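Trainee: There's a structure below that I have some questions on.
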Amino acid sequence: MYNLLGNTYKVTKGKENFDYEEIKPLFTDYFQDYDYVLGDYSYGKIRLKGFYDSDNKKVRNINNIKDIDIYIKEYCAPGSKTFLLKKE
């Protein structure tokens, strides 16, 4: 479990790719509202993307957790390392 801006997160996928100290300065209050945060290492940089549970009233096609595999395929560099954080 990791504390980021007062919320607790669990790494649910890609634990071997997650580096808390590297993510901490990138994790802004923008991500606090999301149920999940995907991190991917593309072209030598870490990118973060928020996702909602499918039943969250704020969910849209681009940020629905059920479509995360489509997002990774279409928006992440092929073979990039990823991790997924879930808000507890």
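Trainee: What's the long-distance tail for the chain, i.e. % of Cα pairs beyond 17 Å?
Mentor: Counting pairs separated by more than 17 Å, the tail of P(r) holds 44 percent.
Trainee: Between the range 42-71 and the range 25-40, what's the alpha-carbon centroid distance in Å?
Mentor: When both Cα centres are located, 10 Å separates them.
Trainee: OK, next. Want the number for LYS73 to ASP19: 0.36 nm per residue separation, take away the alpha-carbon distance, what's left?
Mentor: 17.2 nm
Trainee: Please tell me the relative contact order of the range 2-87 in percent, rounded to the nearest whole number, where contacts are Cα pairs under 8 Å and at least six residues apart.
Mentor: That works out to 41 percent.
Trainee: I would also like to ask the following. Along Cα→Cβ, 7 Å out, is where each label goes; now give me the distance between the ones at LYS45 and ARG60 in nm to one decimal.
Mentor: Modelled inter-label distance: 2.1 nm.
FYI, it's all coordinate maths here, none of it is from the lab. Quick caveat, the model's predicted, so the values are computed rather than measured. No Cβ is skipped: glycine too gets one built from the backbone with ideal geometry, and neighbour counts run over all protein chains shown.
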